[in-house]
Amino acid sequence: MPRHVFSQLLSLTALLAAGGAQAATSACRVPDFPQEVQCGVVSRPLNPDQPAGKKIDVHYVVLPSQDKNKLPDAVFLLAGGPGQSAVQVAGFGQAVLGRLNKRRDLVFVDQRGTGRSASLSCPELEARDEVLDEVQTERRTEACLKRLQSLPHGELGMYTTSIAVQDLEAVRLAQGYNKINLAGASYGTRVGLEYLRQFPGSVRRLVLDGVVPPDMGIQSADAQAALDGLFADCAKQERCNQAYPQLAQRWQHLLNSLPKQVTLTHPRTAATMKLDLSRDQVLGMVHRTLYTPALTAGLPYAISQADQGNFQALVGLSGSTNLPGPAAINYGMHYSVWCSEALAKPLPAARNEFEKLMNGMYEKACKNWPRGKVPEAFYQIPVTAAPVMLLSGGIDPVTPIRNGAAVAQALGANARHITVDNAGHGLLAHSCVRDVVVRFFSAKEDKEALATDSSCVRQIPRPLAWMPVQEKKGAQP
């Protein structure tokens with residue numbers, strides 16, 4: 001038996017020997033919740049091959065069901081990124097899964113490297129007081145790497161997805177749950193798939209929103225298709241085409257005009273900013289904006305304005321100067337995962353400018369970043385016995401429909417793939433999709449869960465292009 005597998009079995013056996021009783025969580029308060037919740041922690045080996053060696057604390061929060069007929073199958077939210085703290089996005093999790101909380105516990109585990117679980121935060125990269133250029137980004141990434149390696153938990157090869165799901169299983173055992181439900185968003189779908197692979201007997205049902213297959217490289221290949229779709233849609237809409245004619249040509253004209261020095265007002269501080277904007281920086285701004293259709297609706301205006309020399313809207317829309325929020329990325333964990341998994345093999349030749357930009361960025365960041373060992377089985381998707389619902393958006397720039405289709409095929413007959421033509425990255429934000437997911441988890445029988453009615457998703461429209469408010473002629477000041 002391989003040493004790492006034997007060590008994993010020893011660790012889990014020790015937890016089981018401690019008894020399946022409810023963990024000693026304690027009342028606590030976390031942001032976004034007016035009521036007290038329950039906080040817990042499990043001590044885990046930093047290196048699974050050294051169960052008696054250095055330990056880290058994995059923190060989690062439980063929103064306990066108060067129903068006297070409480071059901072035993074808790075729901076775990078798996079955060080995205082990689083690098084998001086599940087505890088910090090628990091408010092979003094409660095908003096989308098709150099109806100399930102009436103009879104089920106909701107559980108949010110800070111994956112190792114995020115939140116309070118041996119944080120690998122990089123304030124150098126996460127606090128966006130300015131728009132960083134390529135050289136600044138490289139320098140700050142190297143500075144963060146050096147600082148993280150000096151931490152007690154700075155063995156950066158120990159933060160892979162395969163290791164992290166063993167922490168998740170430890171929380172399940174510590175809480176005394178039997179089979180659990182899991183909802184993964186974006187990178188959280190990769191966590192869900194790996195948990196399902198390693199611990200199939202622990203899964204009741206699984207939802208994967210914005211599917212990231214285990215063998216997927218850097219998420220950028222479809223950004224150009226998403227942008228081309230926006231241009232085509234604008235050309236078809238009379239109002240959009242009148243307001244922003246020849247949008248695709250304007251975009252190319254804008255790119256060809258770069259680099260250039262621009263002056264604008266900082267969106268948060270109102271200070272005057274002078275930037276030497278490069279082609280890659282503008283591509284990066286548009287790439288970030290394409291994730292969310294509501295923001296993408298502002299791109300025709302932002303691109304048209306930028307083509308005329310006014311970059312104010314594009315900088316603001318992209319969030320390039322935003323302060324870190326609850327969904328912020330812990331970049332040390334982000335690179336520890338991506339450098340080990342997405343760059344395990346050389347990246348294929350870039351097919352467009354967005355892919356060239358993102359591939360180059362990660363190749364530079366990962367050049368000196370320590371890489372963890374990823375088991376070959378990680379890249380395989382076994383047939384599932386537990387029902388799995390996959391969600392994909394038709395205008396998603398990073399996890400397109402074909403990802404979900406390929407994973408659903410690999411999972412087999414117990415997988416159900418739902419697509420929404422006009423949705424971007426992440427479908428759980430739509431109320432209709434939330435209803436579908438709640439019914440999927442709530443169904444008593446697996447057959448009933450897989451037959452959940454999802455017809456409402458066809459009603460979700462693409463947001464119309466944003467138009468500036470026009471003053472009416474003759475209106476009083």
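Numbers below:
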| item | result |
| --- | --- |
| Residue 237 long-range amide H proximity, modeled H, under 5 Å | none |
| For the range 106-120, 3J(HN,Hα) per residue [Karplus equation, 6.51 cos²θ - 1.76 cosθ + 1.60, θ = phi - 60°, Hz, x = Gly/Pro] | 9, 10, 10, 9, 6, 4, 3, x, 10, x, 9, 9, 6, 3, 10 |
| 12 Å beta-carbon shell around residue 401, net charge (K/R +1, D/E -1) | -2 |
| Fraction of accessible area attributable to carbon and sulfur, the chain (%, probe 1.4 Å) | 53 percent |
| Long-range amide H partners of residue 78 with built H, under 5 Å | 183, 184, 185 |
| For the range 44-88, with +1 on Lys and Arg beta carbons and -1 on Asp and Glu, the positive-most of 56, 86, 74 along the dipole | 56 |
| Flagged links, alpha-carbon separation over 22 Å, of 55/364; 70/444; 54/373; 102/179; 70/179 | 55/364 |
| Summed residue charge, Cβ within 14 Å of residue 229's Cβ, Lys/Arg positive, Asp/Glu negative | -3 |
| Lysines whose Cα lies under 20 Å from that of residue 236, excluding same-chain neighbours fewer than 8 positions away | none |
| For the chain: accessible area per residue (Å², 1.4 Å) | 45 Å² |
| Amide proton proximity set for residue 117, modelled H, under 5 Å, gap of 5+ | 59 |
| Extreme residue, positive dipole direction of the chain, given options 252, 46, 451 (C-beta unit charges) | 451 |
| The range 324-477 - charge dipole about Cα centre, Lys and Arg +1 at Cβ, Asp and Glu -1, debye rounded to 20 | 300 debye |
| From phi via Karplus (6.51, -1.76, 1.60), per-residue ³J(HN,Hα) for the range 403-415 in Hz, x at Gly/Pro | 4, x, 5, 5, 5, 4, 5, 5, 5, x, 5, 8, 10 |
| Size of charge dipole - the chain - debye, nearest 20, with Cβ of Lys, Arg +1 and Asp, Glu -1, no other charges | 620 debye |
| Candidate aspartates and glutamates - alpha carbon under 14 Å from residue 68, same-chain residues fewer than 8 apart omitted | 105 |
| Theoretical FRET efficiency, 1/(1+(r/R0)^6), r = Cβ-Cβ of residue 43 and residue 151, R0 22 Å, to 0.05 | 0.80 |
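The values are calculated or read from the model by the stated rules, or taken from the named source; none is laboratory data. Note that the coordinates shown come from a computational prediction; the quantities given were computed from them, not determined experimentally. Note: ideal-geometry Cβ built from the backbone for every residue, glycine included; neighbour counts use all protein chains shown. Areas reflect the complete protein model, heavy atoms only, side chains present, ligands, DNA and RNA absent. Shrake-Rupley method; radii C 1.70, N 1.55, O 1.52, S 1.80 Å.
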